[in-house]
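Any read-out appearing in this document is the output of simple, stated calculations on the displayed coordinates, not a laboratory observation. Just so it is clear, the model here is predicted, and its values are computed rather than measured. Note that we place each Cβ from the backbone using ideal geometry, even for glycine, and neighbour counts take in every protein chain shown.
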Amino acid sequence: MLDRIQLTHEVEEMCCVKRGVKGEPAPIPQEGEWTKVKKIEEVSGLTHGCGCCAPQQGTCKLTLNVKNGIIQEALVETLGCSGMTHSAAMAAEILPGKTILEALNTDLVCDAINVAMRELFLQIVYGRTQTAFSEGGLPVGAGLEDLGKGLRSQVGTIFSTKQKGPRYLEVAEGYVLELGLDKNDEIIGYKFVHLGKFMDAVKKGVDPKEALEKFTGTYGRFAEAVKKIDPRVE
């Protein structure tokens with residue numbers, strides 16, 4: 001390859017001057033070690049990247065677990081665009097087994113996922129991973145821990161208007177069933193159902209009504225509310 005490099009006439013006529021300083025890569029923290037990375041296969045780590053598409057209609061959080069430059073595990077979470085869910089399915093087919101450089105230069109179907117891959121690539125190659133100081137990194141499958149029990153993304157969906165105020169629709173605890181208001185009509189708590197746990201119970205044969213009751217909880221001072229409303233109707 002090097003013998004095929006073309007030089008301009010001006011460079012051809014130059015005499016050779018030896019370079020006295022040859023900079024080395026700065027060591028980066030990787031899975032409990034300091035590494036001077038020169039090749040993609042020397043890169044390891046688990047971390048996240050976030051990106052949005054050009055119209056900023058949707059966003060993606062991408063989690064990759066990389067060992068020796070190869071993607072071993074991918075968690076693709078999308079929000080805001082129905083088509084992105086199908087793109088996420090295709091990206092999950094594409095990513096594992098690729099080097100992070102291959103993945104960076106592969107069309108992951110959705111702009112938001114592509115941007116998340118770019119941002120994640122930068123995190124990894126600069127040593128800014130979640131596992132930078134964890135000896136040996138994390139095992140394949142660790143990405144699922146971001147989802148918790150029930151394996152659902154941590155989603156917050158809140159709608160609000162100047163005229164009618166806020167409505168909590170879904171929070172980390174789960175799908176909001178009711179909002180609890182005080183005498184000033186201010187939110188002081190809410191009732192929710194943990195959909196992941198609810199569906200797991202129904203799949204195991206538990207009666208839906210029983211499962212709904214079992215996995216319904218409250219947050220804040222819901223019990224003290226003087227008024228309770230359905231955020232999707234009232």
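Worth pointing out:
- Relative contact order for the range 157-229, counting Cα pairs under 8 Å that sit 6 or more residues apart, in percent: 32 percent
- Based on C-alpha pairs under 8 angstrom that are at least 6 apart in sequence, the range 51-139 has a relative contact order of 31 percent.
- Ranked by the mean number of other Cβ atoms within 10 Å of their residues, highest first, the peptides 43-54, 60-71, 135-146, 176-187 fall in the order 60-71, 43-54, 176-187, 135-146.
- Judged by the gyration tensor of its Cα atoms, with axes a ≥ b ≥ c, the range 35-161 is prolate; a/c meets the 1.5 cut and a/b is the larger of a/b and b/c.
- Anisotropy class of the range 1-56 from Cα gyration tensor, a/c 1.5 cut: oblate
- Relative contact order (%) - criterion: Cα under 8 Å, at least six apart; region: the chain: 16 percent
- Shape call, the chain: gyration tensor on alpha carbons, a/c limit 1.5: prolate
- Legend: ranking of residues 7, 104, 95 from fewest to most surrounding C-beta atoms inside 10 Å; resulting order 7, 104, 95.
- Ordering 86, 194 by the number of other Cβ atoms within 10 Å of each residue's own Cβ, fewest first, gives 86, 194.
- Part-to-part distance (alpha-carbon centres) for the range 60-112 and the range 157-230, which is given in Å: 32 Å
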